[in-house]
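Accompanying notes for the structure given below.
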Amino acid sequence: MAQRPTKDSKQSSTDSKPSSTREERPPIAREREKAPALAPQRSRPTLILVGADKGGVGKTTIARVLLDYLAANNVLSRAFDTETPRGTLYRFHPEQTSVVDLTSTSDQMKIIDTLATAQVKVSIVDVRAGGLEPALQALQDTGFLDAVAEGEVGFILFHVLGSSIASLDEIAEVAPYVEDADYFLVKNHVNDTTFFEWDPVTHRKYFEKVETAGEITIPKLNELSYEQVEIAGAPFSTFVANRTAEGEPADHSFVLRGYVRTWQNRIAEQFDRIRLLDRIAGRDGA
């Protein structure tokens, strides 16, 4: 393996009618709409990679909540699902998502060559199980990581960990590629995963080889709520808004929607804590 060098505005008083548009918006968006949004035009594109070499750690769930979070903050984004030929991310976000094969040069071009020219400057790539290191190798071989080092593009990696020691081994394998990236370790509890506590010796062995931008914890979501979202085949925010995947009124449980809304808000707090919006915008001090 090749190594990189180290180194709501108020309602008018004359309008007595309630705003139906506001009521139809997803609750998470209503609660966060007063937050400052990113400028609609940005000069630097950003690639967000969500991946792990181990399967079953919830990578697609992270990509889905990222798309909802960015939408709630008025940040346009597009996504690429690498689970060909039929991707799970595409099922929930078909209008934003393209299914690609990261081992194909032409599909790599669909992502990388359009970063600067696409109207949407934030691209999320949901990497299939076992495809993280090959994806990073491709980013190195194409010169993308050099462009990151030169500040031409932003690169954020959400490395979703499993509960086994194998996930720690992945950290060492990823280290040579993330020197200039915003590299985050993600513990995803949505599937009731239990993470072992790393003792100091084990921690030093694996973490001294890489500098991370921090850790993110995805809390567990009520099982029945998660199941009903899966059955609905809609984004989490759409389910919370009591809409179908097609945008029509639905009859989802008030209780289950409440669980999902609370879960989303807790994740949003995690993204706010790491100043994700600032990092995407390339703001100093992120």
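Read the figures in this text as sums done on the coordinates, not as results from a lab. Bear in mind the structure is a predicted one, so any value in this text is a computation, not a measurement. Quick reminder, even Gly has a Cβ in these numbers, built from the backbone with ideal geometry, and neighbours come from all protein chains shown.
Values as computed for the structure displayed
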quantity	calculated
Which listed pairs, of LYS54/LYS121; LYS110/LYS187; LYS59/LYS187, have C-alpha distances above 21 Å, in listed order	LYS54/LYS121; LYS110/LYS187
Protection-proxy order for peptides 248-260, 121-133, each taking the mean of Cβ atoms within 10 Å per residue, highest first	121-133, 248-260
Distance (nanometres) between label positions extended 7 Å along Cα→Cβ at ARG266 and ALA149	4.1
Gyration tensor verdict on the stretch 82-192 (Cα atoms; rounded if a/c is under 1.5, prolate if a/b is larger than b/c, oblate otherwise)	oblate
Peptide ranges 180-187, 148-155, 45-52 listed from the most packed, as the mean C-beta count within 10 angstrom indicates	45-52, 180-187, 148-155
